[in-house]
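Read through the structure below, which is laid out as structure tokens, and then see the notes.
No lab work stands behind these numbers, since they all come straight from the coordinates. In this text, all values refer to a predicted model and were calculated from it rather than measured experimentally. Every residue, glycine as well, gets a Cβ built from its backbone with ideal geometry; the counts of neighbours run over all protein chains shown.
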Amino acid sequence: MEKFIIKKQANEKLVFELLAGNDQVIITSEEYETRVDSENGILSVQTNSHLHSRYKQMESPEGEHFFILRSSNDKVIAISGLFHTKIELSVRIQIVMEIGRSEEVEDLALH
């Protein structure tokens, strides 16, 4: 089942990831200082992920494709991994649009 997970980085900052039903990471957030901030980031994904205008498609210097999910105030919420083709990129955006409203959150930072 799709869900968000909150994790603690080695530098003690928090990030969240949106996982598809097969536990594949679809997007990863920016780093947050507090749990409340990371929870607000998840809420922002839930609010904005269904809006196509919130996605910015990009290309790396190596020619790989990725996207950034932005909030209504144009702040970066999360970023995807890298994809070889624009088709893969489009598929991943569609997945986030479909599952981004998931309410399941697993907090691994507590463990």
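Tell me which GluC sites (Glu not before Pro) from the stretch 47-85 have a DSSP coil assignment and no more than 14 other beta carbons within 10 Å of their own. It would help to have the intermediate numbers written out before the result.
On the way: sites: GLU59, GLU62, GLU64; in loops: GLU62, GLU64.
In loop regions of the stretch 47-85 (DSSP not H, G, I, E or B), the sparsely surrounded GluC sites (Glu not before Pro) are GLU62.
Among the DSSP beta bridges whose two residues both lie in the stretch 3-110, what percent are antiparallel, rounded to the nearest 5? Spell out each step's value before the answer.
On the way: 22 of 25 bridges.
Once the DSSP bridges in the stretch 3-110 are tallied, antiparallel ones form about 90 percent.
May I ask for the angle, rounded to the nearest 10°, between helix 35-48 and the longest principal axis of the chain, with both axes built from Cα atoms and the value confined to 0 to 90°?
30 degrees
Nothing charged except the Cβ atoms of Lys and Arg (+1) and of Asp and Glu (-1): what's the magnitude of the dipole of the stretch 3-110 about its Cα centre? Round to the nearest 20 debye.
Working: 12 positive and 18 negative charges, 57 e Å.
Using only the charged Cβ atoms, the result is roughly 280 debye.
Net charge within 13 Å of HIS50 by Cβ-Cβ distance, Lys/Arg positive one each and Asp/Glu negative one each, not counting HIS50 itself? All intermediate terms of the calculation are to be shown ahead of the outcome.
Numbers: positive: ARG54, ARG101; negative: GLU98.
Once positives and negatives cancel, what remains is +1.
So what is the 222 nm mean residue ellipticity for the chain from helices alone, if each DSSP H run of at least 4 adds -39500 (n - 2.57) and you divide by all residues, rounding to the nearest 500 deg cm²/dmol?
Values: 2 runs with 28 residues, N = 111.
When only DSSP H runs of four or more count, the value is -8000 deg cm²/dmol.
For helix 86-99, what angle does its Cα long axis make with the longest principal axis of the chain, in degrees from 0 to 90 and rounded to 10?
Rounded to the nearest ten degrees, it is 40.
Counting only C-alpha contacts under 8 Å and six or more residues apart, can you give the relative contact order of the chain as a whole percent? Numbers along the way, then the final one.
On the way: 209 pairs, mean separation 34.0, N = 111.
Computed value for the chain: 31 percent relative contact order.
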